[in-house]
Amino acid sequence: MSHVVVIGAGITGLATAHALARDGIAVTLVDAYGPAAMASGWTLAGVRQSGRDPAELPLAREAVALWATLDEELDAPTGYRRSGNLRLARDAQEAQRIAALVKEQSAVGLEISLVEGDDLRALAPALSPEIVCASHCPSDGQAEPLAVARAYRDAGERLGVRFRFGTPVTGIDCTGGRFRALETADGPIAGDACLVAAGIGAPGLLAPLGLDLPLRTPLVTMALSEKVAPCLDQVLGTASANVAARQQADGRLRVSSGILPWDGALTHDDQGHPRASPDAATLSGMLMRVAEVLPAFATTPVERFWGGVIDLTPDALPVLGPVPGIAGLHVASGFSGHGFCLGPVTGRIMRDLLLGREQERDLAAFAFTRFREGAPATAPLTLHG
């Protein structure tokens, strides 16, 4: 293996390109926009293990260990801090779900506990007194998504990764049953292997090859406040995943909603960056739900808002690995709103798979071929990391 082509400059593509380049592999990364222009920039950017599907939890735990030294590995700040995660219950029904979550994840060795009353107020004084209880995982945390993307890009450049930003991919040449080249508006890019880490764009790239990646693309509404005094250490979520929040290192509160239908229309700002804008009613509802959890948010000025599109698989688990019938073509997409945390470990996984190395992790739950075996059950979403 001498040259790998990566489609997508989100955290997955950037981390894979970096991992390959560290092992001496020539890499070309292609993206229609630039680093973290879509999901990896739109995300809340929680780094969590709590609330994960049992199949995904081992990867999340490995990823959290890698985040601890990622600044040193990339020789740049990522804004990562291990500040904890609180998943909130607002009524008795949600409290039952939180208690079950704590019991289940404690049983597999995760440090997680149920907190309520004065203990919860001491952990997060800004919370509404109406919050019944919460799960608390102190080893979860958060990072700053654009800083992470810059750090991976710069580290990749130092290792010789060739970046082709502003280059839309128009097709994938897989004649003879193996990957040959990317087709782009600027001409073909040949390689020995290819990773499709294109998020919501992956199904459109794979369909001409006879490959069906079943993704839905709902919208999550995001907002960013003006800078306020420190008031929140942990990343917050709710049992029903319709509110999430964290306070960035710069003091701004970054908040999000649950998922809503999306019409598929991307617009672009003055710099050519893609946008998926929610309507006023959706934005208003999200801001009100955040204020119900964090009462002070009701009087906090909002600086900007945006929509984040989710690449949602039927079982809310990503696809990681080779596609059937085409040698050298791999996919890492469908992270379903919680792939940011996994980036450092996903990069290592995809590097090893692309290079044909023996894989010690159990990746059966993430195989592309699982969709051939019947539609997986729809899984509940957890949208903050």
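The values are calculated or read from the model by the stated rules, or taken from the named source; none is laboratory data. Since the model is a prediction, treat every value here as computed from it, not as a measurement. Don't worry about glycine lacking a Cβ; one is built from the backbone with ideal geometry, like all the others, and counts go over all protein chains shown. Each accessible area value is taken on the protein alone, full model and side chains, heavy atoms only, with ligands, DNA and RNA left out. Shrake-Rupley method; radii C 1.70, N 1.55, O 1.52, S 1.80 Å.
Points to keep in mind about this one:
- Contact map, region 30-48: residues that are charged (D, E, K, R) paired with residues that are part of a strand (DSSP E or B), Cβ distance under 8 Å, separation 6+ or inter-chain. Pairs shown: D31/I7; D31/F163; D31/R164; D31/F165; R48/N85; R48/C137; R48/G141; R48/V235.
- Residues that are in a strand (DSSP E or B) and either open to solvent by 20 Å² or more (accessible area, probe 1.4 Å) or within 19 Å of G46 (Cα to Cα) (or both), drawn from region 331-363: S333
The rows are residues; the columns are (1) under 30 Å from G34 (Cα atoms); (2) open to solvent by less than 30 Å² (accessible area, probe 1.4 Å).
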{"position": "R97", "(1), (2)": "no, no"}
{"position": "V102", "(1), (2)": "no, yes"}
{"position": "V115", "(1), (2)": "no, yes"}
{"position": "R150", "(1), (2)": "yes, no"}
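- The C-beta contact set for region 114-136 (first residue part of a loop (DSSP other than H, G, I, E, B), second residue of a type in the set (S, T, Y), distance under 7 angstrom, 6+ apart or interchain) is empty.
- Residue check for L66: modelled with pLDDT of 95 or more, open to solvent by 20 Å² or more (accessible area, probe 1.4 Å), within 16 Å of the chain's Cα centre (by Cα) and farther than 29 Å from R121 by Cβ: yes
- For region 240-295, filtering for residues that are closer than 30 Å to Q93 by Cβ and either among the basic types (K, R) or surrounded by 15 or more Cβ atoms within 10 Å (Cβ to Cβ) (or both) leaves 29.
- Qualifying residue in region 218-231 (condition: in a strand (DSSP E or B), of a type in the set (S, T, Y), open to solvent by 20 Å² or more (accessible area, probe 1.4 Å) and closer than 25 Å to G10 by Cβ): no
- Lone qualifier among S139, S128 - being hydroxyl-bearing (S, T, Y) and over 30 Å from M38 (Cβ atoms): S128
- Failed criterion for L44 (all others in (1) open to solvent by 40 Å² or more (accessible area, probe 1.4 Å); (2) touching a Ser or Thr at 6+ places or on another chain (Cβ under 6 Å); (3) part of a loop (DSSP other than H, G, I, E, B) hold): (1)
- Failed item, numbered, when Q49 is tested on (1) surrounded by fewer than 23 Cβ atoms within 10 Å (Cβ to Cβ); (2) in a loop (DSSP other than H, G, I, E, B); (3) among the polar types (S, T, N, Q): (1)
- Filter result for A126 (open to solvent by 20 Å² or more (accessible area, probe 1.4 Å), aliphatic (A, V, I, L, M), more than 14 Å from N85 (Cβ to Cβ) and out of contact with any Lys or Arg (no Cβ under 8 Å at 6 or more places or on another chain)): yes
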